Amino acid sequence: MDHLFYALLILVSTISTIHLGLYIAGANLYDIRQLGRPKLPKYGKRTLISIVVPAHNEELVIERCLESIRRSTYKKMEVIVHNDRSTDKTRQIIQAYQAKYPKFNVRLVNRRHQAGKAGGVNYCIKRYAKGELVMTLDADCVLRKDAVRNAVSYFVDPKVVGVAANVRLFDKATILGMLQKFEHMIGYRSKKFYTVANCEFIVGGVASTYRREVIKQVKYYDLDTTTEDIGLSLKIVALGNRERRIVYGVDVVAMTEGVHNFRALLKQRYRWKMGCLQNLFKHASLLGRTTATHSKSLTWYRLPMAFLSEIMLLLQPFIIAYVLFLTVYYQTPFLLAGAYITITAYILLTVWLDEHSTIKYKAMMSLYAPGLYFVFYIMDAIQIISIVRCMLHPKQIVRLSAHQSTWVSPERAGQQVQFS
């Protein structure tokens, strides 16, 4: 048994170390490539982009969202807000905003029956969207003023069919707030490597942008999973990712709210985990596929690793217990100290290489780094609970039914934003 745990420790440590190296190298290569990426000309023909904002009881945040869109430096856009049977003042706030800014091209679509988020977005794209590009934006999000322009610029490359945004969290001076903020910063930095390796398949719903024709080609968002956004990006990747590339846009910045308590975080991560597993199961035939249309980095590495990472997550408590046992038994702190130093160094590297933070802000964030190694175990515990809950409901993963994509209305803080 001791040999088994030792072998697992070596295996998991090796995989983690390799990934850390790939993330660092991939991110640096991505940054170099960004320097030579084509930019949109300041003048000349513009591409129309349709921004679809699904809303259900968003009175605290909907005006903030619309204001951030209106202040965008890119002006050739239409905004479609899908008000899905809200019972608060969402509709009245949108109508008041329309009256206040009559030249702002925003359309309000009211539905009498609750269609769910995916159903509402599909309805708006099919019935109203005229843009060559479509961006979906959650109502609690705030776009930086150059986000839309930067998103459009990636489509100068005809192979690009989708762009994942750089999603950041508003500052919140709590353990939970800082935990989510750093998790996002580290997680989104890994997307740089996935873009360089052309194996990205997870695109969140926040400020994600696609060519409208490819959305139509894959028959829009599915309604049978709990994460319709991952479902859409994976369906597009399933068509072939060599000629239809999904990339990460580090300069497509959207701010959003994190969840406000641990109960909500557990609920959120279970939904994300279940939705990811549902979509991976739907497209399991991609694993190990060797075709001219798919990159091996996707079918032989990224997708298999998505399954393997869940197994590693389940093994983590046993590995940690074994490391603690070795530390006490041999009276050596080197195993724990090595892991602590490595993770802390990577956190500091992520903070100081961040493109969107001032030196003062980076210095402040660095003060949190020494304690984050231990705080991240909270998120690990939540992830483990989520995967165990998914395993307790296997039929929900493999037997999909329509309209699993329903409205999830988390508590909104309605945090005030200083627009530049």
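The values are calculated or read from the model by the stated rules, or taken from the named source; none is laboratory data. Here the structure is a predicted model, which means the values were calculated and not measured. Every residue, glycine as well, gets a Cβ built from its backbone with ideal geometry; the counts of neighbours run over all protein chains shown. Note: areas computed on protein heavy atoms with side chains; ligands, DNA, RNA excluded. Shrake-Rupley method; radii C 1.70, N 1.55, O 1.52, S 1.80 Å.
What number, rounded to the nearest 500 deg cm²/dmol, is the helix-based mean residue ellipticity at 222 nm of the chain, given -39500 (n - 2.57) per DSSP H run of at least four residues and division by all its residues?
Numbers: 14 runs with 215 residues, N = 420.
Value at 222 nm, helices only: -17000 deg cm²/dmol.
Just order 52-63, 148-159 by mean Cβ neighbour count inside 10 Å, highest at the front, would you?
The densest-packed peptide leads the list: 52-63, 148-159.
Return the distance in nm (one decimal) between the two label points of a simple spin-label model at ILE385 and ALA363, each offset 7 Å from Cα along Cα→Cβ.
Taking the two extended label points, one gets 3.8 nm.
Can you pull out the chymotrypsin sites (Phe, Trp or Tyr not before Pro) in the range 1-92 whose DSSP state is coil and whose Cβ has at most 11 other Cβ atoms within 10 Å? Walk me through the intermediate numbers first.
Details: sites: PHE5, TYR6, TYR23, TYR30, TYR43, TYR74; in loops: TYR43, TYR74.
Passing both the DSSP loop test and the Cβ count: TYR43.
Can you tell me the orientation of helix 175-196 relative to the chain, as the angle in degrees between its alpha-carbon axis and the longest Cα principal axis, to the nearest 10?
On a 0 to 90 degree scale, this one is about 90.
Once you place label points 7 Å from the Cα toward the Cβ at PHE376 and LEU392, how far apart are they in nm?
Roughly 2.8 nm, to one decimal.
Taking R0 as 35 Å, what FRET efficiency do you get between LYS267 and LEU108 from their Cβ-Cβ distance, rounded to the nearest 0.05? Show your work: numbers first, answer last.
Values: r = 30 Å, r/R0 = 0.85.
The formula returns an efficiency of 0.75 here.
Work out how far the C-alpha atoms of the range 150-301 reach from end to end along every principal axis, then list the three figures in whole Å, largest first.
Principal extents (Cα only, largest first): 49, 33, 28 Å.
Using a probe of 1.4 angstrom, how much of the accessible area of the chain is carbon and sulfur, in percent?
That share works out to 62 percent.
Could you work out Rg/(2.2 N^0.38 Å) for the range 66-220, with Rg from alpha carbons only?
Rg over 2.2 N^0.38 Å, computed on Cα atoms: 1.12.
Taking only Cα atoms, what is the 0 to 90° angle, nearest 10, from helix 369-391's long axis to the longest principal axis of the chain?
It is inclined by approximately 80 degrees.
Compute the accessible area per residue over the chain, keeping the other protein chains in place, probe 1.4 Å, unit Å².
Working: 20300 Å² over 420 residues.
Computed with neighbouring chains in place, this is 48 Å² per residue.
Starting from the residue with the highest accessible area, list MET255, MET274 in decreasing order, probe 1.4 Å. Intermediate values should be presented prior to the final figure.
Working: MET255 35, MET274 0 Å².
Per-residue accessible area, sorted high to low, gives MET255, MET274.
Could you give the length gained by full extension between ARG399 and ARG71, i.e. 0.36 nm per residue of separation minus their alpha carbon distance, to one decimal place? Numbers along the way, then the final one.
On the way: separation 328, 0.36 × 328 = 118.08 nm, distance 4.42 nm.
113.7 nm is the gain from fully extending ARG399 to ARG71.
Using the alpha-carbon atoms, what tilt in degrees (0 to 90, nearest 10) does helix 116-127 show relative to the longest principal axis of the chain?
Roughly 40 degrees between the two axes.
What's the magnitude of the charge dipole for the range 110-205 around its Cα centre, counting Lys and Arg as +1 and Asp and Glu as -1 at the beta-carbon? Answer in Debye, nearest 20.
Values: 16 positive and 8 negative charges, 58 e Å.
About 280 debye.
Dipole size in debye (nearest 20) for the range 186-285 around its Cα centre, Lys and Arg Cβ +1, Asp and Glu Cβ -1? List each step's numbers first, then the result.
On the way: 17 positive and 9 negative charges, 31 e Å.
Computed charge dipole of the range 186-285: roughly 140 debye.
Quick one: compute the contact order of the chain, relative version, from alpha carbon pairs under 8 angstrom and 6+ residues apart, as a percent. Intermediate results must be reported in sequence, preceding the final value.
Values: 634 pairs, mean separation 80.5, N = 420.
Result for the chain is 19 percent.
Only loop residues by DSSP count here, and only those with at most 16 other Cβ atoms within 10 Å; note down the trypsin sites (Lys or Arg not before Pro) in the range 318-405 that meet that.
Details: sites: LYS360, LYS362, ARG389, LYS395, ARG399; in loops: ARG399.
Sparse-neighbourhood loop trypsin sites (Lys or Arg not before Pro): ARG399.
Report P(r) for the range 253-322: all Cα-Cα distances, bin width 10 Å, range 0 to the bin holding the largest distance, values in whole percent.
Final binned percentages: 16, 31, 33, 18, 2.
If R0 is 45 Å, what FRET efficiency do you get for ALA345 and GLU132 from their C-beta distance, rounded to 0.05? Could you put the intermediate results ahead of the total?
Values: r = 44 Å, r/R0 = 0.97.
Step by step, r from the Cβ atoms, then E = 0.55.
Using only the alpha-carbon atoms of the chain, report the extent along each of the three principal axes, biggest first, to the nearest angstrom.
Largest to smallest, the principal-axis extents are 73, 48, 46 Å.
What is the distance in Å between the Cα centroid of the range 234-257 and that of the range 146-225?
Centre-to-centre (Cα) distance: 6 Å.
Which pairs break 21 Å Cα to Cα here: LYS219/LYS395; LYS117/LYS219; LYS192/LYS267; LYS75/LYS216; LYS45/LYS75?
Working: LYS219/LYS395 25 Å; LYS117/LYS219 16 Å; LYS192/LYS267 28 Å; LYS75/LYS216 24 Å; LYS45/LYS75 12 Å.
Among LYS219/LYS395; LYS117/LYS219; LYS192/LYS267; LYS75/LYS216; LYS45/LYS75, the Cα-Cα distance tops 21 Å for LYS219/LYS395; LYS192/LYS267; LYS75/LYS216.
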